[in-house]
Structure formats: structure tokens, C-alpha cells
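S.K.: The structure under discussion is supplied below as C-alpha cells; questions concerning it will follow.
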Amino acid sequence: MQAPGVQTALSGGPPIRSAPTLFTLSNRVALVTGGHRSIGLEIALALAEAGAIVYCLDLPAEPDSEWRTIQRYVAELPADQDKKGRLEYISADVTDQKTMWSVAEKLTEKEGRIDICFANAGIYAVDDCLEYPAEDFRKMFDVNTLGAMVTAQAAAKQMVRLGTPGSIIMTGSISASITNPTLRSMAYNASKAAVLQMTRSMACELAAKHIRVNSISPGYINTEMTRVSFLSKPGLGERLSAQNPMGRFGRPDELRGVALFLASDASTFCTGSDIIIDGGQCAW
């Protein structure tokens with residue numbers, strides 16, 4: 001069937017604003033890991049504003065007051081036709097495969113579907129590549145790589161079971177494609193490079209099941225993690241900012257548009273892609 005666009009406009013039918021509807025997520029259900037704060041919470045809010053029912057998953061047994069404030073904010077959004085999103089919270093560990101599969105199964109039992117999965121949970125640490133402890137290396141891959149795989153698995157299994165198309169989005173990093181000057185991030189870089197290759201592999205396997213898999217690769221974003229790792233250290237934030245043409249760290253809200261694009265029908269022919277949001281750092 002011809003989608004709304006130029007051909008529809010030329011057909012002589014009544015004019016409609018079809019482009020904005022591509023981004024609506026009304027009645028869709030999303031799972032966002034690392035959804036208690038920073039990028040995960042920002043994306044969860046954006047999805048909810050677009051009409052989705054969003055389950056934020058993270059380690060704390062209960063969400064903090066800031067998360068509760070965002071939940072109330074979503075609940076108080078003015079009604080916009082059928083765009084009535086909401087935020088829910090689930091405590092779980094993304095490295096626990098059986099638990100994650102169970103979470104996705106229970107979620108779909110309650111809501112009847114799952115349409116969007118944002119595998120975002122991650123950690124960061126630095127150390128000399130010659131001294132990096134094996135235990136810390138395993139932990140980095142457990143959270144950043146295994147966690148992303150288990151999350152994507154959990155959501156995709158339910159999409160396949162229900163026969164519904166879906167969108168899976170992985171959080172990668174520009175550190176998956178480049179080596180950041182002066183940063184001793186060997187383990188982190190490797191874990192995120194694996195996420196990008198996993199994205200491409202899953203995209204090819206799941207396309208026939210109408211499930212799209214893409215990744216976003218942020219550059220330096222001003223989050224709690226980067227404030228501790230970079231911005232709290234004298235001069236480091238300035239040196240890292242100078243590595244991109246825009247000369248600054250990005251804001252978590254500057255990832256909202258890309259996330260909405262990948263989650264929605266605006267990107268129905270996009271799978272296996274990595275979208276870089278880095279202030280131009282990789283363009284040097």
C-alpha cells in the first residue's frame with residue numbers, strides 16, 4: 001500500500017499532515033534499560049511524550065525522587081488526541097538472562113505487546129591496557145555487551161512470539177569506531193565495538209521477522225557518568241571538548257530526535273545502521 005507522501009498528495013485527495021504522524025508512538029510499548037537517569041531517562045521521557053508506554057529498567061530497587069518527578073510530569077501532560085504515554089519502573093539486572101527474559105514476558109502479558117527496546121545500560125572505566133584487571137574487563141563486557149544482547153533477546157523473543165514488528169536500538173559510542181586521544185579506554189572501546197557488530201548481525205537475522213535493529217553512537221555527552229569521569233577533573237573537560245568541531249559536550253536531550261526516529265515509523269527502511277551524534281568529532 002502506498003504510504004502518505006508525494007504520490008498521495010498528487011492523487012487529489014484531501015490534504016493531510018502525514019509527516020508528523022510518522023513519529024507518533026501512541027499505544028506502543030517500550031523497554032528502556034539504564035532508564036533511571038541520564039540518557040536512558042531522557043529517551044524514556046521522549047518516547048512517553050510521543051505516546052508510548054515506557055518501562056524504565058535499572059538496578060535500584062526503587063526509583064529516586066527525580067525519576068518520580070518525571071513520572072508525574074508525564075502523567076500531567078495535556079491530552080493530545082490518543083497520545084497518552086506513561087512511565088513505569090522495573091528493577092532488574094541486564095546481565096541476568098533468565099530474569100530479563102522473564103521481565104519482557106511479564107511486560108507483554110500486562111500490556112499485550114512490546115514494540116520498542118532501547119538497550120542503553122552501560123558502565124565506563126579507564127586503566128592502562130597493560131595493567132587492566134581481567135575481572136574488570138569481564139565486568140565491562142558483562143554490562144555493556146552481554147547486557148545489550150540479553151536485553152535485545154528478551155524484547156525480540158516477545159516480538160516474534162506475538163508476530164508484531166519492532167524496533168531495537170542499542171547504545172554504542174564513537175569509541176567503538178575511534179580511539180579517543182589521551183583516554184585509556186581499551187576495555188570500554190572494545191565492549192562498544194562489539195555492540196555495533198552485534199547490532200549489524202542481529203539486524204540481518206531479524207529483518208525477515210520485521211524487527212529492525214540499529215545503534216546510536218554518542219560522542220561526549222554531559223551525563224552523571226561523564227561528570228565523574230571527565231568534567232570533574234581540572235582541564236580534562238576542556239581538552240575533550242576541543243576534540244570536536246562544536247567545541248562542547250552534548251546534552252542528553254540532543255539524543256531525543258535520533259531515538260524517536262529509530263523507534264518510530266519514520267525509519268521503517270533503516271536497519272543495521274549506526275547513527276553518530278558527536279558534534280562532528282568523527283568528521284575531522
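S.K.: With a 10 Å Cβ neighbour count serving as the proxy for reagent exposure, in which order, fewest first, do Ile53, Ile275, Ile169 appear?
M.R.: Fewest-to-most Cβ neighbours within 10 Å comes out as Ile275, Ile53, Ile169.
S.K.: A follow-up question, please. In nm, give the distance between the simple-model label positions of Thr99 and Arg138, each being 7 Å from the Cα along the Cα-to-Cβ direction.
M.R.: Label at Thr99, label at Arg138, 1.8 nm between them.
S.K.: Additional query: What are the principal axis extents of the Cα atoms in region 189-233, in Å, biggest first?
M.R.: The principal-axis extents, from largest down, are 47, 19, 12 Å.
S.K.: Right, next: Place the peptides 117-125, 98-106, 188-196 in order of packing, highest mean first, counting for every residue the other Cβ atoms within 10 Å and averaging per peptide.
M.R.: Listed from highest to lowest mean packing, they are 117-125, 188-196, 98-106.
S.K.: Show me the helices of the chain, taken as full DSSP H stretches, that run 20 Å or more along their long axis by Cα and average -0.5 or above in Kyte-Doolittle hydropathy.
M.R.: Span-like helices here: 147-162, 186-206.
S.K.: Based on a Kirkwood Rh over C-alpha pairs, give the Stokes-Einstein translational diffusion coefficient of region 150-284 at 4 °C and viscosity 1.567 mPa s in µm²/s.
M.R.: 81 µm²/s
S.K.: Provide the net charge surrounding Val213, with neighbours chosen by a C-beta distance below 14 Å and charges set as Lys +1, Arg +1, Asp -1, Glu -1.
M.R.: +1
S.K.: Right, something else. Could you tell me the calculated FRET efficiency between Ser273 and Asn27, based on Cβ-Cβ distance and R0 = 22 angstrom, to the nearest 0.05?
M.R.: For R0 = 22 Å, the calculated efficiency reads 0.30.
S.K.: Which lysines have a Cα lying under 19 Å from the Cα of Lys106, excluding residues fewer than 8 positions away in the same chain?
M.R.: Candidates past the 8-residue exclusion: Lys98, Lys157.
S.K.: State, to one decimal in nm, how far the label point of Ala61 lies from the label point of Ile123, with both points 7 Å from Cα in the Cβ direction.
M.R.: For Ala61 paired with Ile123, the spin-label model returns 2.0 nm.
S.K.: If you build a Gaussian network model of the chain, linking Cα atoms that sit under 10 Å apart, which residue out of Leu31, Leu255, Leu47 swings the most?
M.R.: Leu255
S.K.: While we're looking at this one, here's another question. Quick check: convex hull over the Cα atoms of the chain, volume per residue in Å³, rounded to an integer?
M.R.: Per residue, the Cα convex hull of the chain comes to 151 Å³.
Each value in this text was obtained by applying a stated rule to the coordinates, not by laboratory testing. As the structure is a prediction and not an experimental result, all values here were calculated from the model. Note that each Cβ is placed from the backbone with ideal geometry, even for glycine, and that neighbours are counted across all protein chains shown.
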